[in-house]
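Read through the structure below, which is laid out as structure tokens, and then see the notes.
The values are calculated or read from the model by the stated rules, or taken from the named source; none is laboratory data. Note that the structure is a prediction, hence the values are computed from the model and not measured. Reconstructed Cβ throughout: ideal geometry from the backbone, glycine too, with neighbour counts over all protein chains shown.
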Amino acid sequence: MAIKSKKVEEKELELLQKLNSSFSQLKNQLGDLELQKQIILENVTEIKKQFKYLENELIEKYGDNSVINLETGVITEETGVITEKTE
């Protein structure tokens, strides 16, 4: 028994092809973004390691209770006293 075949209209085929192409492009972009995300996460991990290393050096040099103002570089001692704000 022979199978009858049908064909979609040209407009329908063009739309299907366009949608499929758009879908493929978006999947590729998503893959690229995932790769970029992994690279950024690796960079964040490396920065955290460097920060921890420097933090340990600074603690050794200036003491465990030292607080460094990142804008001015001024070092103050943390007193451990909690003050309440009065309004």
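Worth pointing out:
- Filter pass, residue 27 being of a type in the set (Lys, Arg), modelled with pLDDT of 95 or more and over 17 Å from the mean Cα position of the chain (by Cα): yes
- For the stretch 7-30, the condition of being outside any helix (DSSP H, G or I) and either surrounded by 10 or more Cβ atoms within 10 Å (Cβ to Cβ) or touching a residue at least 60 places away in the same chain (Cβ under 8 Å) (or both) holds for at least one residue.
- Check on residue 3, more than 33 Å from the chain's Cα centre (by Cα), of a type in the set (A, V, I, L, M, F, W, C) and outside any strand (DSSP E or B): yes
- Screening the candidates 61, 85 for the property of being loosely packed, with under 10 Cβ neighbours inside 10 Å and either in a helix (DSSP H, G or I) or modelled with pLDDT of 95 or more (or both) yields one hit, 61.
Here is a yes/no grid of residues against (1) of a type in the set (S, T, N, Q); (2) in contact with a strand residue (DSSP E or B) (Cβ under 9 Å, 6 or more places away or on another chain):
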residue: 14; (1), (2): no, no
residue: 21; (1), (2): yes, no
residue: 24; (1), (2): yes, no
residue: 60; (1), (2): no, no
residue: 69; (1), (2): yes, yes
